[in-house]
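Peer 1: Pasting in a structure now, in structure tokens, and then I'll have a few things to ask.
The values are calculated or read from the model by the stated rules, or taken from the named source; none is laboratory data. Note that the structure is a prediction, hence the values are computed from the model and not measured. Cβ placement follows ideal geometry from the backbone for every residue including glycine, while neighbour counts extend to all protein chains displayed.
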């Protein structure tokens, strides 16, 4: 069965790298939030398992994750806290997070809040606020990137000319995907918005930079990370 293509062409996610951690204390209870980028459920659930081992003496390891360009996979778990006081507030903190004013598109995020009980009961309302605040505060500080579905166009050039052409294209503002190397040529891969006008402009620029010796070839689309403006 063929997988249906995502409706979304871009969304915001965590930058690749180590897990991001942030801790707050509320009425002597410690709330340690750990965020990880996750593109599938196995990776998201693995974060919970990893933190259960690391913080084996903590009372709760509550979790929530949102996956996919269209954010169509959303899960949460209270892990022993009163129903609805932990996982759902964490999930809502992710899905309602504004990445730019008026835009809520954060996805591929797994969040776990490890709680060490401090001896003072917070009540249902207090728990909701604590878990929501924990995740929100972590997201405010976590490094984010824009993930976009871009059209990949390839240009095969002699090895000796590849470095200069790549530098010229980067200087012109083009995003570059991973370069590959053949026996005779280097294959540069440009990533441009998936629109005919953008592909045409990239083609014209490559022809101009190479005095008409190199043409671009369409090579499908890929999801790539792009720094936030």
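Peer 1: Could you please find all residues in the range 136-176 being surrounded by 12 or more Cβ atoms within 10 Å (Cβ to Cβ), out of contact with any strand residue (DSSP E or B) (no Cβ under 8 Å at 6 or more places or on another chain) and part of a loop (DSSP other than H, G, I, E, B)?
Peer 2: Once the filter is applied, which keeps residues that are surrounded by 12 or more Cβ atoms within 10 Å (Cβ to Cβ), out of contact with any strand residue (DSSP E or B) (no Cβ under 8 Å at 6 or more places or on another chain) and part of a loop (DSSP other than H, G, I, E, B), the range 136-176 yields only 172.
Peer 1: Still on this structure, please answer the following. Can you tell me which residues in the range 167-176 are out of contact with any helix residue (DSSP H, G or I) (no Cβ under 8 Å at 6 or more places or on another chain) and either on the phi < 0 side of the Ramachandran plot or at pLDDT 90 or above (or both)?
Peer 2: 167, 170, 171, 175
Peer 1: Just to be sure I understand, how many residues within the range 177-219 are surrounded by 14 or more Cβ atoms within 10 Å (Cβ to Cβ) and either out of contact with any helix residue (DSSP H, G or I) (no Cβ under 9 Å at 6 or more places or on another chain) or closer than 23 Å to residue 146 by Cα (or both)?
Peer 2: 15
Peer 1: Just checking: which of the strands (runs of 3 or more DSSP E) contained wholly in the range 1-104 hold 3 or more residues that are over 22 Å from residue 115 (Cα atoms) and under 17 Å from the mean Cα position of the chain (by Cα)?
Peer 2: It comes to 10-14.
Peer 1: Next question, about the same structure. What's the number of the only condition in (1) modelled with pLDDT under 90; (2) within 30 Å of residue 17 (Cα to Cα) that residue 183 fails to meet?
Peer 2: (2)
Peer 1: Which one of these is assigned by TED's automatic domain parsing to the domain that holds residue 134, exposed (fewer than 14 other Cβ atoms within 10 Å of the Cβ), modelled with pLDDT of 95 or more and within 30 Å of residue 191 (Cβ to Cβ): 41, 54?
Peer 2: Going through 41, 54 in turn, just one is assigned by TED's automatic domain parsing to the domain that holds residue 134, exposed (fewer than 14 other Cβ atoms within 10 Å of the Cβ), modelled with pLDDT of 95 or more and within 30 Å of residue 191 (Cβ to Cβ): 41.
Peer 1: Tell me whether the range 23-31 contains one or more residues that are surrounded by 21 or more Cβ atoms within 10 Å (Cβ to Cβ), at pLDDT 95 or above and in contact with a strand residue (DSSP E or B) (Cβ under 7 Å, 6 or more places away or on another chain).
Peer 2: Yes - at least one qualifying residue is present in the range 23-31.
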